[in-house]
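The values are calculated or read from the model by the stated rules, or taken from the named source; none is laboratory data. Note that the structure is a prediction, hence the values are computed from the model and not measured. Ideal geometry is used to build each Cβ from the backbone, glycine not excepted, and the neighbour counts take in all protein chains shown. Each accessible area value is taken on the protein alone, full model and side chains, heavy atoms only, with ligands, DNA and RNA left out. Shrake-Rupley method; radii C 1.70, N 1.55, O 1.52, S 1.80 Å.
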Amino acid sequence: FPSHEISYPNPFQKETTIKLKIPKQDTYSVNIHGVQGNQIRSLLSNAKLGKGQYQLIWDGTNNIGVDVPSGVYFYQIKQQDKVIQSGKLILAR
């Protein structure tokens, strides 16, 4: 499974970075969800990644580029269709 560091900064105002360490080549997705489980933003969608380290940046916008309100959000990392990790993000505008 890939490992991740807690996103930084967290809480954040403008953007936050999620670091991934991928141990083997596979297909990965990373999505941001609201507290009710609705998808807010897709940072990575079924991307083939090789072994290595990656950084994803979320700028506090949804999939159409509109700023989302302050609050608690969650990121979810999937390998193929299996959720392998998730974490909490706090957006404080």
Is there a residue being of a type in the set (D, E, K, R), open to solvent by 30 Å² or more (accessible area, probe 1.4 Å), within 12 Å of the chain's Cα centre (by Cα) and over 20 Å from ILE22 (Cβ atoms) anywhere in segment 72-80?
-> no
Might you let me know whether segment 2-9 holds any residue that is in a strand (DSSP E or B), surrounded by fewer than 12 Cβ atoms within 10 Å (Cβ to Cβ) and touching a residue at least 12 places away in the same chain (Cβ under 8 Å)?
-> no
Run down ILE77, ILE64, ILE22 and say which single residue is at pLDDT 95 or above and either in contact with a Cys (Cβ under 9 Å, 6 or more places away or on another chain) or not small (Gly, Ala, Ser) (or both).
-> ILE64
Answer yes if at least one residue in segment 38-61 is more than 10 Å from the chain's Cα centre (by Cα), open to solvent by 30 Å² or more (accessible area, probe 1.4 Å), within 15 Å of THR16 (Cα to Cα) and modelled with pLDDT of 95 or more, and no otherwise.
-> yes
Out of curiosity, is THR17 at pLDDT 95 or above and more than 21 Å from LYS82 (Cβ to Cβ)?
-> no
Checked segment 48-62 for anything in contact (Cβ under 8 Å) with a residue 40 or more places away in the chain and assigned to a strand (DSSP E or B); matches are ILE57, TRP58
